[in-house]
Amino acid sequence: MNDDVRDVIIVGGGPAGYTAALYAARANLRPLVIEGFNWGGQLMITSDVENYPGYPDGVIGPEMMAEFRRQAERFGTDFVTDDVTEVDFSERPFRLTVDKDVYLARSVIVATGASARWLGIEGEQRLQGRGVSACATCDGAFFRDKHIFVAGGGDSAFEEALFLTRFGYKVTIVHRRNEFRASQIMVDRARENEKIELLTPFVVEEVLGEASISGLRLRNTETDELQDVEAGALFVAIGHDPNTTLFVDQLDHDGAGYLVTRPGATETNVPGVFAAGDVQDHVYRQAITAAGSGCMAALDAERFLAADEGHTGTALTAPRPEAESAQV
């Protein structure tokens, strides 16, 4: 066991985790980020990011995450590039286990994110970022005047399809059944949109293309007939899974597994444990909103630690105008 009790340990290395680390480090909280083997989150499989402020020419996803990490490191953040295997929030200091090593913390920020569900078909992983995506808001603008396909049958698939009509000349929703799980109002909106086609009962069997997507192989679920179609992009919209397996036995969560935080804050049901980013956000799921909630979590942790020490500290006092401008 490492006897050094950290002021804050951040679990997860993505926009939320690294932003939380930056703010915590600048507040002299000596943060430790247990970032995981797959640090960087979903942006590590994103080729171009053009909607994050401060990058007018766009930026490669992995490059942006490396810059986030470097900035947090510059102010004294420490990192463990490994996965947490067990947590104990039953008493303080909190205990986080990484294989055989145990780390102790007075506060914890959970920023493990969420993972998009994929179809698991041939060509899908190879062409991610090259025509295959799970985020229309992130990547839709790259496929102007293309025939865009959306795989899924729920509200998220219809929302993605309606958004993508701003870019593609045609958007086809592919679903395995003739009935949709989406709400009727979403289905009606899609049917009323002249750019949207509903293709049922079909599934995507394979993504075709070498350097980038060129088409899809579709299968009729009733007849098993195969057909190849040209495609400019495929958006997979079959849901996300929050990375919360380690925490659901100790932290409140909703039916889908997303951690529940107090409205307007990042506090969980366990005092001293906070959640930020996609692990608690199933609505927006953007790098910028994740980074914003990471900032919130660090400030919430700072306030918690200051109050826990029996004094207010600067974080609990009303900020002066000059202090506000300095905390941009």
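Would you pick out the residues in the range 187-226 that are touching a helix residue (DSSP H, G or I) at 6+ places or on another chain (Cβ under 8 Å) and not in a loop (DSSP other than H, G, I, E, B)?
VAL187, ARG189, ALA190, ILE196, LEU198
When the range 247-262 is examined, which residues are found to be more than 17 Å from ILE10 (Cα to Cα) and either crowded, with 20+ Cβ neighbours inside 10 Å or touching a Leu at 6+ places or on another chain (Cβ under 6 Å) (or both)?
Once the filter is applied, which keeps residues that are more than 17 Å from ILE10 (Cα to Cα) and either crowded, with 20+ Cβ neighbours inside 10 Å or touching a Leu at 6+ places or on another chain (Cβ under 6 Å) (or both), the range 247-262 yields HIS253, TYR258.
Which ones in the range 160-180 are among the acidic types (Asp, Glu) and surrounded by fewer than 19 Cβ atoms within 10 Å (Cβ to Cβ)?
If the condition is that a residue be among the acidic types (Asp, Glu) and surrounded by fewer than 19 Cβ atoms within 10 Å (Cβ to Cβ), then GLU179 is the only one that fits.
Between a first residue in the range 137-162 that is at positive phi and a second residue that is buried (at least 23 other Cβ atoms within 10 Å of the Cβ), which pairs have beta carbons less than 6 Å apart while being 6 or more apart in sequence or on different chains?
From the range 137-162, the pairs are GLY152/ALA237.
Going by the conditions given, is PHE180 aromatic (Phe, Trp, Tyr) and in contact with a Gly (Cβ under 6 Å, 6 or more places away or on another chain)?
Yes: the conditions hold for PHE180.
Starting from residues that are in contact with a strand residue (DSSP E or B) (Cβ under 8 Å, 6 or more places away or on another chain), modelled with pLDDT under 95 and surrounded by 15 or more Cβ atoms within 10 Å (Cβ to Cβ), keep the ones in the range 57-79 and report whichever is nearest to ALA298 (Cα to Cα).
Restricting to residues being in contact with a strand residue (DSSP E or B) (Cβ under 8 Å, 6 or more places away or on another chain), modelled with pLDDT under 95 and surrounded by 15 or more Cβ atoms within 10 Å (Cβ to Cβ), the top hit is MET64.
For the range 132-152, enumerate the residues that are surrounded by fewer than 24 Cβ atoms within 10 Å (Cβ to Cβ) and either over 21 Å from VAL203 (Cα atoms) or under 22 Å from the mean Cα position of the chain (by Cα) (or both).
CYS135, THR137, CYS138, ASP139, GLY140, ALA141, PHE142, PHE143, ARG144, ASP145
Taking the condition of being modelled with pLDDT under 95, out of contact with any Gly (no Cβ under 9 Å at 6 or more places or on another chain) and not charged (D, E, K, R), how many residues in the range 289-310 meet it?
1
Inside the range 26-51, can you point out the residues that are modelled with pLDDT of 90 or more, in a loop (DSSP other than H, G, I, E, B) and not basic (Lys, Arg)?
The answer is ALA27, ASN28, LEU29, PRO31, GLU35.
Looking at the range 53-93 only, could you name the residues that are part of a helix (DSSP H, G or I) and not small (Gly, Ala, Ser)?
Those that are part of a helix (DSSP H, G or I) and not small (Gly, Ala, Ser): PRO62, GLU63, MET64, MET65, GLU67, PHE68, ARG69, ARG70, GLN71, GLU73, ARG74.
Conditions tested, residue by residue: (1) out of contact with any strand residue (DSSP E or B) (no Cβ under 6 Å at 6 or more places or on another chain); (2) assigned to a helix (DSSP H, G or I).
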position	(1), (2)
PHE235	no, no
ASN269	yes, no
VAL283	yes, no
GLY292	yes, yes
LEU299	yes, yes
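ARG30 fails exactly one of the following numbered conditions: (1) touching a residue at least 60 places away in the same chain (Cβ under 8 Å); (2) surrounded by fewer than 17 Cβ atoms within 10 Å (Cβ to Cβ); (3) of a type in the set (D, E, K, R). What is the number of that condition?
Among (1) touching a residue at least 60 places away in the same chain (Cβ under 8 Å); (2) surrounded by fewer than 17 Cβ atoms within 10 Å (Cβ to Cβ); (3) of a type in the set (D, E, K, R), ARG30 violates only (1).
Check off (1) part of a loop (DSSP other than H, G, I, E, B); (2) touching a residue at least 12 places away in the same chain (Cβ under 8 Å); (3) not assigned by TED's automatic domain parsing to the domain that holds ARG95 for THR244 and give me the number that stays unchecked.
For THR244, the failing item is (3).
The values are calculated or read from the model by the stated rules, or taken from the named source; none is laboratory data. All values reported here derive from a predicted model rather than from experimental measurement. Neighbour counts run over all protein chains shown; Cβ positions are idealised from the backbone, glycine included.
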